[in-house]
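Structure first, then comments.
The values are calculated or read from the model by the stated rules, or taken from the named source; none is laboratory data. As the structure is a prediction and not an experimental result, all values here were calculated from the model. Don't worry about glycine lacking a Cβ; one is built from the backbone with ideal geometry, like all the others, and counts go over all protein chains shown. Quick note on the areas: whole protein, heavy atoms, side chains included, nothing else; ligands and nucleic acids left out. Shrake-Rupley method; radii C 1.70, N 1.55, O 1.52, S 1.80 Å.
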Amino acid sequence: NNPMQVPAQLDARTIAAARPISAISVAEAVTTWLQRIDACGHETLLTGETVLRLALGLPCNYYSVESSITRDELLHLAPRAIPTGVMSGAWTLPTAAGPIDLKIERSRSQIIADLETRAFRITAVAYEPASDSLIGSPEAIQDLTTGDLALPHSAATTPIDPDLPLKAARLISIYGCTPPREVLDLARSLTADAV
């Protein structure tokens, strides 16, 4: 009852075991929008941390979605959509379940390529509600069930994100993810370089 008490960490492995990934449930208000977009001939995928939260059975009040829908088609469906990312092509659709952050004009291959650029594999997974399927590498999908905070394969060939220690700390503190030695060593080296 102490308002200053820090809540216990979520144990991702326990949550994943208690709620299988196949039981992902998306709020009805969000599902309605995704179905409307799909009905126009465009696929929609939930991405990033939204998929992590849903896979763990946690409440979600913000939905990251990418779709091939065009700007004009979106405005026809949702005239009150709010442009929130001019450069990124992001629009916000308010819903009773929370806002949908919708990136438009994204092909499936672009979305999948973007997954490989995520800082950690655990957030490099997309979910397609229409087919009830997860999209990502087998390792990334496995990380969802184990809570491992592993780097993607592309980390060996791409510049290291200087915010990696902060991102790791956030995922560890919120979801109880387990970082492997390579992530801890990299975070230590980046933090030492910044001092």
Determine the percent antiparallel among the DSSP beta bridges restricted to segment 39-195, to the nearest 5.
-> 75
Which value, in Å² rounded to 10, gives the accessible area of Asp163 with a 1.4 Å probe and all protein chains present?
-> 80
Kindly report the accessible area of segment 44-167 per residue (heavy atoms of protein chains, probe 1.4 Å, no ligands, DNA or RNA), in Å².
-> 47
Candidates for Rg/Rh (Cα atoms, Kirkwood Rh) are (i) 0.99; (ii) 0.94; (iii) 1.06, and the calculated one carries label (i)
The chain, relative contact order in percent, only Cα pairs under 8 angstrom and at least six apart counted = 22
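Determine the shape class of segment 135-192: with a ≥ b ≥ c the square roots of the Cα gyration tensor eigenvalues, call it rounded for a/c under 1.5, and otherwise prolate if a/b is greater than b/c, oblate otherwise. Numbers along the way, then the final one.
Values: a/c = 2.11, a/b = 1.27, b/c = 1.67.
Here segment 135-192 falls in the oblate category.
Which whole-number percent gives the relative contact order of segment 52-146, counting Cα pairs below 8 Å spaced six or more residues apart? Please report the intermediate quantities before stating the final value.
Numbers: 129 pairs, mean separation 23.4, N = 95.
Over segment 52-146, the number comes to 25 percent.
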Quote to one decimal, in nm, the extra length available between Ser154 and Leu166 on full extension: 0.36 nm per residue of separation minus the C-alpha distance between them.
-> 2.4 nm
Going 7 Å from the Cα of Ser88 toward and past its Cβ, which residues in segment 42-58 have a backbone nitrogen under 14 Å from where you end up?
-> 47-50
Accessible area of the chain belonging to carbon and sulfur atoms, whole % at 1.4 Å probe = 58
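For the chain, which span is the longest to avoid every loop-located (per DSSP) member of GluC sites (Glu not before Pro) having at most 16 other Cβ atoms inside 10 Å?
Counting only loop sites that pass the neighbour cut-off, the longest clear stretch is 1-104.
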